[in-house]
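Working notes, beginning with the structure itself.
FYI, it's all coordinate maths here, none of it is from the lab. A quick note: this is a predicted structure, and the numbers were derived from the prediction, not measured. Methodologically, a virtual Cβ is constructed for each residue, glycine included, from the backbone with ideal geometry; neighbour enumeration extends over all protein chains shown.
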Amino acid sequence: MAAAALPTVFINHGGGPCFFMPDDGSGPFPANTWRKMASNLSRLAKLPGPNAPSVKAILVASAHWETEAPAVTVAANPPLLYDYYGFPPETYEIEWPAPGHTDLARRVKHLLTGAGFPKVLEEKKRGFDHGVFIPLKLAFPAADVPVVQLSLVEGLDPKTHLDIGKALTPLRREGVLIVGSGMSFHDTRAFFGADVFGAASLAGKSAAKAFDAWLDATCGADGDASAREPRLERWATDAPGARVCHPREEHLAPLFVAAGAASGERGRKTFADDIVGFAVSGYAFGDVDAEEATYSC
C-alpha cells in the first residue's frame, strides 16, 4: 500500500515583516489588517490533517528569489535575508534559526534533472528571504523542521513552474510539505498608494474581486482538477483583472509550483480575506482534511 501524501499549499505571506509589527493602526495599515492572515498561517502546521504523514521537512518556493535555472539552498544552517525596506529596526533582528536540509536539496535536484531540467543550481550562501521565514515563523515557531528554499525561474513561465511542481510530487510521500509562498493579489502601488483608503481605488478592488473569483473557479473545491493546469497556463489572458492584480507575476508563480505538485488532485480554498479592500485567497491541493481546510477566524 502506497504511503499517504502530504497536501501542497499556496500561502499569502503578507507585506514584509507585517506579522511581527504592531497591528493597531500605528503603522501604514489600519488596525487588524493582518490578524486573520496571521491566524491562518499559525495553523499551517495542522493543515495536513490527522491521517496525513507528519511533516519532516519543508520545501518553499518564494516569490522573492528568481534564477536563470531552478536553484535550491544547500547550506546546513542558512541565514535570514531581511529583504524588505523602510521597516522599524527591530524587524531586522527577527530570528528564526530553522536548519537547512542538504540531502533534501540534492533530492530536489535529482528529481528536477530526472524530469528534464538541464541545470539545477545549488545555492550555498543565500539566506531564507521574508517569503520563507516570516510566514514559517508563525507556522513553525520552534524552527525545528528543516527547510529548503526553491527559486523561481526567470521569465516566470506558468508551464515551467507547473512542471517543476510535477517533478517534485514524490516528495509529498516522503514527508515534505511543499509550500508556494506569494500573494494572490500583488499590486504594491494599490496597497501603498495615497488613495488606497479612499474611494479612488474602487476599480482595482473590483478587479481583485473578479480575479479572486476566477482563482476560486480554477483552484477551489468546485474547480475541475483536470482543467486547472490549462487555466493557470492562460491566466494572463483569460483571468479577469489579471494584470491589474499582478502587474508582474512573481507572487502568483509559487501557486503554479504548489498546484503542479498535486497535478490532477482536488483543490480547496484554505484562506479568504481582503487587505485594505483587495481580495486575497490561499489554497491547498491534494488530500486535505475538510475541517482543517476551511478554518478562518
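A cut-off of 5 Å between modelled amide H atoms, ignoring neighbours fewer than 5 places along the same chain, links Trp65 with Leu152. Measuring gaps between exposed loop sites in the chain (trypsin sites (Lys or Arg not before Pro); DSSP loop; at most 13 other Cβ atoms within 10 Å), the longest gap, sites not included, is 1-118.
Take the Cα of Arg35, step 7 Å toward its Cβ, do the same at Val276, and the gap between the two points is 1.9 nm. Taking a straight Cα-Cα cut-off under 17 Å and skipping sequence neighbours fewer than 8 places away in the same chain, the aspartates and glutamates within cross-link reach of Lys124 are Glu66, Glu68, Asp103. Taking amide H as placed 1.01 Å from N in the peptide plane, the amide H of Ala279 sits under 5 Å from that of Lys209, each at least 5 places away or on another chain.
For the residue pairs Lys56/Lys137; Lys36/Lys125; Lys205/Lys269; Lys46/Lys109; Lys159/Lys209, the alpha carbons lie more than 23 Å apart in Lys36/Lys125; Lys46/Lys109; Lys159/Lys209.
Entry note, the chain: the mean residue ellipticity at 222 nm calculated from DSSP H runs of n ≥ 4, each adding -39500 (n - 2.57), is -8500 deg cm²/dmol after division by the residues and rounding to the nearest 500. Placing pseudo-labels 7 Å out from each Cα toward the beta carbon at Ala221 and His110 gives an inter-label distance of 3.8 nm. Net charge near Arg172, counting Lys/Arg +1 and Asp/Glu -1 over other residues with Cβ under 12 Å of its Cβ? That works out to 0. Shape class for the chain: rounded, because the ratio a/c of the largest to smallest gyration tensor axis (alpha-carbon atoms, square roots of eigenvalues) is under 1.5. Within the shell of other residues whose beta carbon sits under 15 angstrom from the beta carbon of Ser181, the net charge comes to -4, with Lys and Arg scored +1 and Asp and Glu -1. Computed over the chain, relative contact order equals 30 percent, with contacts defined as Cα pairs under 8 Å that lie 6+ residues apart. Only beta bridges with both residues in the chain are counted; by DSSP, about 35 percent of them are antiparallel. The GluC sites (Glu not before Pro) of segment 120-189 that DSSP puts in a loop, and whose beta carbon has at most 13 other beta carbons within 10 Å, are Glu154. Shape verdict for segment 76-132, please, from the Cα gyration tensor: rounded (a/c under 1.5), prolate (a/b greater than b/c) or oblate. Prolate shape, in that a/c is at least 1.5 and a/b is the bigger ratio. In segment 8-293, a dipole from Cβ-located charges (positive for Lys and Arg, negative for Asp and Glu) runs towards its positive end, and of Gly282, Pro79, Pro50 it is Pro50 whose Cα lies farthest in that direction.
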